[in-house]
1. In whole percent, what relative contact order does the stretch 38-120 give with Cα contacts below 8 Å and a gap of six or more residues?
2. In nm, to one decimal, how far is the ASP198 label point from the GLU68 one, both placed 7 Å along Cα→Cβ?
3. Taking square-rooted eigenvalues a ≥ b ≥ c of the alpha carbon gyration tensor, is the stretch 21-64 rounded, prolate or oblate, where a/c under 1.5 means rounded and, failing that, a/b exceeding b/c means prolate?
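Please treat every number below as a calculation from the coordinates, not as lab data. From a predicted model like this one, the values you see are computed outputs, not experimental measurements. So basically every Cβ, Gly included, is an ideal-geometry build from the backbone, and we count neighbours across all protein chains shown.
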Amino acid sequence: MEIVVFALCAAAAYGLFLKLRTVHHTRKLPEPSISMGRLDIYQKQALQEICRTSRSLGVPVRLGPYFEERNWNRAEALLVLAEPVKHKLVRIEGWRFGSYALTRKGWREYRKHFMWTGSIDESMHITASAGGFAAVNVNSPHGVAQSSGRDSSADLSGISYHQLATALRADSESAQPEEAVRAREYAEDLTDAAGAQDTDRADRVLARVNALLATASSAFALTRDLLPHGD
């Protein structure tokens, strides 16, 4: 019974905190002057900024400097972030104004709509399966993976080398020092292999990435999120 009472009190306290924070953030707001016709563009740009600068899922990102660069007042900033917050792509963090954290849903939206996916004639792609990442050396992201000890007929999804390299670099910011060095090195090696269209080299790098994920800390949330999730 005490646990239930404590949970109810904690929920009530958190609800009060959210209400007080909303009042704090919205009191005496100046008039917004940004173009409403460009609001959708601003929203996408703000989401991109959060994704690019986030060290990992759930880690707060301070957008104060970003707002200042665009000369947005508090009302304009709240207007721009209202839809991403409403649709749970990002969430407001803490008490201070301008602090947001990326959610898993927001990261997936970023991957789907904003991350570079390679040119249509690119001859190399990556397959992501429950067994890890593997290189593909045909002109399709859904082609047959090179032999690497993994089941290439299982649930596969195609991603680009750039997507994986971007996720590795982002995750390295919150990883252990040794793991961070390896992640950045692998990201560079992947970029070089893709530029040279060297699928054999890429497959060797991907094997090292899979080994890193098998032993790494929980910091590599963005990279792991590129792999299919079980039902």
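1. About 36 percent, as a whole number.
2. 4.4 nm
3. Oblate.
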